[in-house]
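*Asks:* I am attaching a structure below and will ask some questions about it afterwards.
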Amino acid sequence: MSISTLRKASIGYLLVPNLLFCYGWFRYPYSLLLITGYSFLLYLELRKSEKSDTIQIKELVFLLAFALIWTVFTGVGGLSEQTSDFWAHNAKFYDLYKNPWPNYFAEIDRFSCYYFGYFLVPAIISKSAHELLPSALFLWSLLGYFLAVCWVYHLLHKNKWLLFSFLWIRGIGHVILYTLKKTLFIVSPFYMPVLRAMFEQSSWVTNQLIPVIIVSCILLDDTFNRKRTQDTFFLLTLTFVWAIFPAICLILIFSVLFIRKYFFEESFMHIFNREAIVTYWLPGMLVVPTLIFLSSSQNTPLNGLLWEYEDGLRMSIFYFIAFLIDWVLFYYLLRLTQKKAVWLPAWFIHALFCLFIFSSFFRIGLNNDWFYRGQIPFFVIIILGILSGIGPLIKDRNMPKSRFFIVALVPLVMAACIQIGFSSHLLRDNIFVKSIFPGKTDFKPVPYDRFPNVYQALKTLHGNKGDAEQYLGKKGSIYDKYLSRRTH
């Protein structure tokens, strides 16, 4: 499979939920105009023909097996132990299968305001089959992880060990905080920003991780391999239906590339030429109704600077331990490895880390979903940059001799090993061990149909903490009055 084909398949994967969303959430004629516009952009993408690298059949078989194992151990489909977030994930899937679109909560006379992209294809398949199909959700996830793994594999010089490492690299800050909690009983605020491994993120937010890995990889490939930064903008607009906070962070990163391209390398007037119509203006206009929908939330989530919620000195100490140490370590490693094998230029690395630290200052949502999910595109790019730089150095046996390099690398390797150890229980807590040795595990899948809809699920699971209300749409909003497919 060529990388050009992989790109087209990825665009199709990201686009189909957007088409379903346009059909299910917007009234005629807006739904027809949106579907027509997106179909036209897809047609233009499919027409593109260019020479590109290829991934061989035997490599694709390996990558599919890799993605299959990863998907099983995320908990999707109930094949292995699931995190507590699956109570809400499964409720969303069941709600979208059981109830009409757009989903509406009659008991409180409100519509749901949430990014449902990941669940829409499995839900429409289940509706067509007249039964809930967890297998559809699993296969849809498997396809997404397969596409994501192919991209990572491509950007990491087709190195299988680097691909494996991509899953487990994490910050050391969380490990230090956990150690302090267990030994000295010093507990940090639960919303403290820490850097989580991709595998850990996949066990909590597969719905957001899949599209963000794919789009982050394409952003890097378009910008630094194909030299076509503008081609990524269409994909960024498709991401909002999947994951709003990561999509915002991707837009911030893209803005740096946009400014560099049109204010320093080319004329700003190029964004008004014929090509810009289909690369910027049309995708930008098509995403506006979706942004109106997502901004029609009834309740503003908890938000503000981290230091507004804790004593300033105490917060600063925990922030230094949890995030700032890792920020410095990853910056040093990325700069050093990219000096040896240049792929990401210094100006981009500086801008990336400035945006990253700026984003870490804020808390949005009770559990700080802004940072925990918004960090994903930043961390994907950072890990890919470090590993892509290390790959050639290992191959040429030209690793840096600096002591500082070892000092920076060792704690991160240790943190990755700890993450592997922490996740090793999944080898026991899964449906296969449960079937063969039922006494060896307490594994039990989270049910799908415990709650009639998402609102009831969040209300029961989180009580009066505001999680249920955070995802309610505002009655009388622009979306509710003029765009919603539901008639009043």
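The values are calculated or read from the model by the stated rules, or taken from the named source; none is laboratory data. Owing to the predicted nature of the structure, the values given are computational and were not obtained by experimental measurement. Backbone-built Cβ (ideal geometry, glycine too); neighbour counts: all protein chains shown. SASA here: full protein model, heavy atoms, side chains in, ligands and nucleic acids out. Shrake-Rupley method; radii C 1.70, N 1.55, O 1.52, S 1.80 Å.
*Asks:* Stretched out fully, how many nm does the piece from Val342 to Phe437 gain, at 0.36 nm a residue minus the Cα gap?
*Replies:* 29.1 nm is the gain from fully extending Val342 to Phe437.
*Asks:* Accessible area per residue of the stretch 198-272 at 1.4 Å probe, in Å²? Each step should come with its number before you reach the end.
*Replies:* Working: 2170 Å² over 75 residues.
Per residue, the stretch 198-272 has an accessible area of 29 Å².
*Asks:* Can you tally the net charge around Ile349? Count Lys and Arg as +1, Asp and Glu as -1, for every other residue whose Cβ sits under 14 Å from the Cβ of Ile349. Walk me through the numbers before you get to the answer.
*Replies:* Values: positive: Arg260, Arg335, Lys339, Lys340; negative: none.
Counting the neighbours of Ile349, the net charge comes to +4.
*Asks:* On to the next question. Which Cα, out of Ile214, Ile325, Phe356, lies furthest along the positive dipole direction of the stretch 205-360 (beta carbon charges, K/R +1, D/E -1)?
*Replies:* So the residue furthest toward the plus end is Ile214.
*Asks:* Once each part is reduced to its C-alpha centroid, what is the distance from the stretch 366-443 to the stretch 82-121 in angstrom?
*Replies:* 31 Å
*Asks:* Find the relative contact order for the chain and round it to a whole percent, using C-alpha pairs within less than 8 Å whose residues are 6+ positions apart.
*Replies:* Numbers: 630 pairs, mean separation 126.6, N = 488.
RCO, the chain: 26 percent.
*Asks:* What distance in nm separates the two pseudo spin-label positions at Ile251 and Arg314, each 7 Å out from Cα along the beta-carbon direction?
*Replies:* Label at Ile251, label at Arg314, 3.6 nm between them.
*Asks:* Assigning unit charges at the beta carbon (Lys, Arg +1; Asp, Glu -1) and nothing else, what dipole magnitude in debye, to the nearest 20, does the stretch 106-222 show about its Cα centre? Working shown, then result.
*Replies:* On the way: 8 positive and 6 negative charges, 99 e Å.
Taking the Cα centre of the stretch 106-222 as origin, the dipole is about 480 debye.
*Asks:* Further, regarding this structure: Percent of Cα-Cα pairs per 10 Å bin, from 0 to the last occupied bin, for the stretch 126-248, please list those.
*Replies:* Spelled out per bin, shortest first, that is 11, 31, 32, 19, 7, 0.
*Asks:* What does the convex hull of the Cα atoms of the stretch 408-488 come to per residue, in Å³, rounded to a whole number? Write out the running numbers ahead of the final one.
*Replies:* On the way: hull volume 19.5 nm³, N = 81.
Considering the Cα atoms of the stretch 408-488, their hull volume per residue is 241 Å³.
*Asks:* Summing +1 for each Lys or Arg and -1 for each Asp or Glu, what net charge is found among the other residues whose Cβ lies under 9 Å from the Cβ of Leu195? Don't skip to the end; give the middle numbers.
*Replies:* On the way: positive: Arg170, Arg196; negative: Asp326.
Result for the neighbourhood of Leu195: +1.
*Asks:* While we're here: If R₀ is 56 angstrom, what is the calculated FRET efficiency for the pair Leu355 and Leu32, using the beta carbon separation as r and rounding to 0.05?
*Replies:* Values: r = 38 Å, r/R0 = 0.67.
Step by step, r from the Cβ atoms, then E = 0.90.
*Asks:* Can I ask one more? According to a simple spin-label model (label point 7 Å from Cα along Cα-to-Cβ), what is the distance in nm between Leu305 and Lys181?
*Replies:* 2.7 nm
*Asks:* Using only the Cα atoms of the stretch 241-398, what do you get for the radius of gyration and for Dmax, in Å?
*Replies:* 18.8, 57
*Asks:* Decide, for the stretch 50-131, between rounded, prolate and oblate: order the square roots of the alpha carbon gyration tensor eigenvalues as a ≥ b ≥ c, take rounded if a/c falls under 1.5, and otherwise choose prolate if a/b is larger than b/c, else oblate. Could you put the intermediate results ahead of the total?
*Replies:* Numbers: a/c = 2.72, a/b = 1.92, b/c = 1.42.
Cα axes put the stretch 50-131 in the prolate bin.
*Asks:* Same structure, new question: Where does each of 417-427, 175-185, 471-481 land if you order them by average Cβ count within 10 Å, highest first?
*Replies:* Numbers: 417-427: 14.3, 175-185: 12.5, 471-481: 17.2.
Put in order of decreasing packing, that is 471-481, 417-427, 175-185.
*Asks:* Right, something else. Of the chain, which part is the longest with no GluC sites (Glu not before Pro) in a loop (DSSP not H, G, I, E, B) and with at most 16 other C-beta atoms within 10 angstrom? The partial results should precede the final answer.
*Replies:* Working: sites that count: Glu50, Glu107, Glu131, Glu266.
The longest such stretch corresponds to 267-488.
*Asks:* Using 1/(1 + (r/R0)^6) with R0 = 60 angstrom and r between the beta carbons of Arg403 and Gln298, what's the FRET efficiency to the nearest 0.05?
*Replies:* Details: r = 55 Å, r/R0 = 0.92.
Approximately 0.60, to the nearest 0.05.
*Asks:* Could you tell me, in Å, what Rg and Dmax come out for the Cα atoms of the stretch 259-301?
*Replies:* For the stretch 259-301, the Cα-based Rg and Dmax read 15.1, 43 Å.
*Asks:* May I pose another question? Between Tyr43 and Lys481, what is the label-point separation in nm under the 7 Å Cα-to-beta-carbon projection?
*Replies:* The modelled label-to-label distance comes out at 3.6 nm.
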